[in-house]
Structures are given as C-alpha cells and as structure tokens.
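Visitor: Shown below is the structure under consideration.
The values are calculated or read from the model by the stated rules, or taken from the named source; none is laboratory data. None of these values were measured; they are calculated from a predicted model. Virtual Cβ from ideal backbone geometry, glycine too; neighbours counted across all protein chains shown.
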C-alpha cells in the first residue's frame, strides 16, 4: 500500500476538484517547459535527458536513514539535481517522465494525484531550486568549487522543502485531513529539511564529479582554477560524453538492481511520525469518500504491473488482497525488487530517449 503522508501523494489525499486543478496547472507547466526545451536544448546534452532520468529513478529507490531522526528514512527527490545539470525546463520534463513511470507501472503515487506530484517534485524544485542555484552561483565563469557546492546545497534545501510544503496545503484545501494542517505542515517541512541535507550530499558528489571531468556540462567556462586542474588531464584523456553517460547509466542499474537491497527498511518520516508518535494509524488521519477517487484507486491497484516495486499479489486486472505487510529484513535481497528497479530504469530511459528525439536539432557553439 502506498504511504499517504509522503512526498509521492496518494489518491486519498486529494479531492477531485483540487486534483483536476493541479493536473491542469501541471500540464501547462510541462507544456511551457517542453516548448522552451525545444528552442534552447543543446544537442550535446540531449542524451542526458534519458540517462539522468534513469539515474534519478534508480536513486529514488534508495531509502536512507535520516540524521537526528533514528528509525525514519527518506529518499532522493532529484529535481534540483536535474535543474542544475540540464536547466529547469529539461528538469521538469525529465521529472514528469519519471513520475509517470512510477505512477502507472509501480503505483508509486496516486493517478489522481499525478498533477500534484509533478508540481511538488518537478516544477517547484526545478524552478525554485534552479533559481536559487543560479543566484548563489553567480557568473559561471568565476564560479569556484566551494561556491558551486554551496549553491547546490542551498538549492536543495529550498527546492525540496518548498515542494514538500505543498503536500499539506493541497491536502488541506481538499478537505480530507482529519489532523491539524499546522502539525502536518511542520512535520512535513522538518522531515524534508533532513532529506534535503542528504540530497545535497548526493548533488554535491555529482557536481564534483562533473566539475572534474566535464565542467562544460555544468555550464561552466573553464576559469584559471579549472584549467589548472585540467592541465594534467588534457581533453584527449578526459572521458567523452558517451563515457559520462555510460557511467551514470551503469550507476543507475547498480543502484536499482543491487544497492536497493541495502536501503533502509525504516518507515518514511511522515509514516513513522503519525503512526508512532501522534496517532495510532495513518489511514485514520485521512477521510476521502469520493466515489471517483475510490474508482480511480481501484483501477490503479488492478492494472499496476508491479505495485510497490514487487511481484503482484493478484493477476493483472484483479484486486490484490489487503493483507498486512511484514517488516522486511535488512539487507532485503529481493529478485523482484531488482527486476522492478532495472525495468523502471529501462522504461524511463526509453521514454526520455523518445522525448529527446522529438526535440529539433539546435546548435550551441
């Protein structure tokens, strides 16, 4: 069963009018981003759409224990990283593809909540996080390493927490919450501040890697510091774009197929808080009796090929039994989970490759 109180919003958290409105806003935002992408995307960066989409999909499967909050876990969002590497427009399009695959194939996030998830995890982190990154970075030609890493941390803190703060707002406007919205907002922001700190570390690592091997992929003009660092590694010896793409794709497959076995088995922050600290059951904190929401939720449960990234508990087209899930052991060596991760990575890569083929050729010499 999908977690209700998480950044991937479930169907039950929204009313139909709010879901329809947010889906419209998300569609407009994605359309504008795609239009902008068609006119500005450098052909040399087009392969990054699929590769980085696959990398973020795989990285989102790895739950990590949150600092200062033992017994809780979180996972990468990835929108800020995509905005830093490819720009906000490309980040929005890429996150949209990831969220569609997660929703339709793995029932990760509600179908009726797809618009909210695109806004919260794609539009807001990419736009706001990307803006904060550019402001903190300053002129790219003068960006020292420390300044760039600081800019990435700030962008993650602002982008991730701002997107997470929208979840209680959207649920509150829907009128389905049975708990005070202030408490929900406070816990949501607090948990995702911790997640943003960890996300900043991964973003830091990716930026440091690319800064060393291909700074132009970060939009940097090699300044004296970077030239000195590259002096002992001439362009002929530095990895080409194909090798860079292959390194990210290989990492994505390892994350999805193997590293996911060692992900934290602790509940996500909001689930843990509301189950263990404030209320007895998460499900009692939301009441949504809309027949439309119920019908869409049932449809999604019937036709999601690998719900919750594992083998279906019932044949495709049939409702699974609502049984209580046991706590997974650690490490959780799961062949079905590995298959789901690799399959999702491949689908995301293929979908975004198709999107990149629709972008007209533009040269940026």
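Each row is one residue, and each column tells you yes or no for (1) outside any helix (DSSP H, G or I); (2) modelled with pLDDT under 90.
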site	(1), (2)
246	no, no
250	no, no
272	no, yes
276	no, yes
288	yes, yes
295	no, no
302	no, no
305	yes, no
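Visitor: Also: Does residue 160 fit the bill of being under 20 Å from the mean Cα position of the chain (by Cα) and modelled with pLDDT of 90 or more? Even if it seems obvious, please write down each step before you answer.
Guide: Working: under 20 Å from the mean Cα position of the chain (by Cα): yes; modelled with pLDDT of 90 or more: yes.
Taking the combined requirement at face value, the residue satisfies it.
Visitor: Checking the condition without any contact (Cβ under 8 Å) to a residue 24 or more places away in the chain, surrounded by fewer than 23 Cβ atoms within 10 Å (Cβ to Cβ), over 14 Å from the mean Cα position of the chain (by Cα) and over 26 Å from residue 337 (Cα atoms), which residue from 31, 27 passes?
Guide: Numbers: 27 fails: without any contact (Cβ under 8 Å) to a residue 24 or more places away in the chain.
Result: 31 is the single residue among 31, 27 that is without any contact (Cβ under 8 Å) to a residue 24 or more places away in the chain, surrounded by fewer than 23 Cβ atoms within 10 Å (Cβ to Cβ), over 14 Å from the mean Cα position of the chain (by Cα) and over 26 Å from residue 337 (Cα atoms).
Visitor: Within the set of pairs 6+ apart or on separate chains, which have a first residue in the stretch 167-189 that is touching a residue at least 60 places away in the same chain (Cβ under 8 Å) and at positive phi, a second that is buried (at least 18 other Cβ atoms within 10 Å of the Cβ) and assigned to a loop (DSSP other than H, G, I, E, B), and C-beta atoms under 8 Å apart?
Guide: Pairs that qualify, where the first residue is touching a residue at least 60 places away in the same chain (Cβ under 8 Å) and at positive phi and the partner is buried (at least 18 other Cβ atoms within 10 Å of the Cβ) and assigned to a loop (DSSP other than H, G, I, E, B), are 175/15.
Visitor: In the stretch 138-157, which residues are in a helix (DSSP H, G or I) and either free of Cβ contacts under 8 Å to residues at least 12 places away in the same chain or more than 16 Å from residue 206 (Cα to Cα) (or both)?
Guide: At the first step, the residues of the stretch 138-157 found to be in a helix (DSSP H, G or I) are 140-142, 145-157.
Of everything in the stretch 138-157, those that are in a helix (DSSP H, G or I) and either free of Cβ contacts under 8 Å to residues at least 12 places away in the same chain or more than 16 Å from residue 206 (Cα to Cα) (or both) turn out to be 140, 141, 142, 146, 147, 157.
Visitor: Looking for something out of contact with any strand residue (DSSP E or B) (no Cβ under 7 Å at 6 or more places or on another chain) and at positive phi - is there at least one such residue anywhere in the stretch 207-219? Please lay out each step first, then the result.
Guide: To start, the set of residues in the stretch 207-219 that are out of contact with any strand residue (DSSP E or B) (no Cβ under 7 Å at 6 or more places or on another chain) comprises 207-219.
Now restrict to residues that are at positive phi: 219.
Looking for residues that are out of contact with any strand residue (DSSP E or B) (no Cβ under 7 Å at 6 or more places or on another chain) and at positive phi, one finds at least one in the stretch 207-219, hence yes.
Visitor: Then there is this: How many residues does the stretch 138-148 hold that are modelled with pLDDT under 90 and crowded, with 17+ Cβ neighbours inside 10 Å?
Guide: Summing the residues that are modelled with pLDDT under 90 and crowded, with 17+ Cβ neighbours inside 10 Å in the stretch 138-148 gives 1.
Visitor: Failed condition for residue 99, given (1) in contact with a helix residue (DSSP H, G or I) (Cβ under 7 Å, 6 or more places away or on another chain); (2) part of a loop (DSSP other than H, G, I, E, B), with all others met?
Guide: Answer for residue 99: the failing condition is (2).
Visitor: Given (1) in contact with a helix residue (DSSP H, G or I) (Cβ under 9 Å, 6 or more places away or on another chain); (2) under 21 Å from residue 65 (Cα atoms); (3) at pLDDT 90 or above, where does residue 151 come up short, assuming only one miss?
Guide: (2)
Visitor: I need the full set of residues from the stretch 163-188 which are under 16 Å from residue 74 (Cα atoms) and surrounded by 18 or more Cβ atoms within 10 Å (Cβ to Cβ), in order please. Reasoning before the result, please.
Guide: Of the residues in the stretch 163-188, the ones under 16 Å from residue 74 (Cα atoms) are 163-165, 167, 187-188.
Correct list: 163, 164, 167, 187, 188.
Visitor: What do you reckon, is residue 320 part of a loop (DSSP other than H, G, I, E, B), at pLDDT below 90 and under 21 Å from residue 258 (Cβ atoms)?
Guide: no
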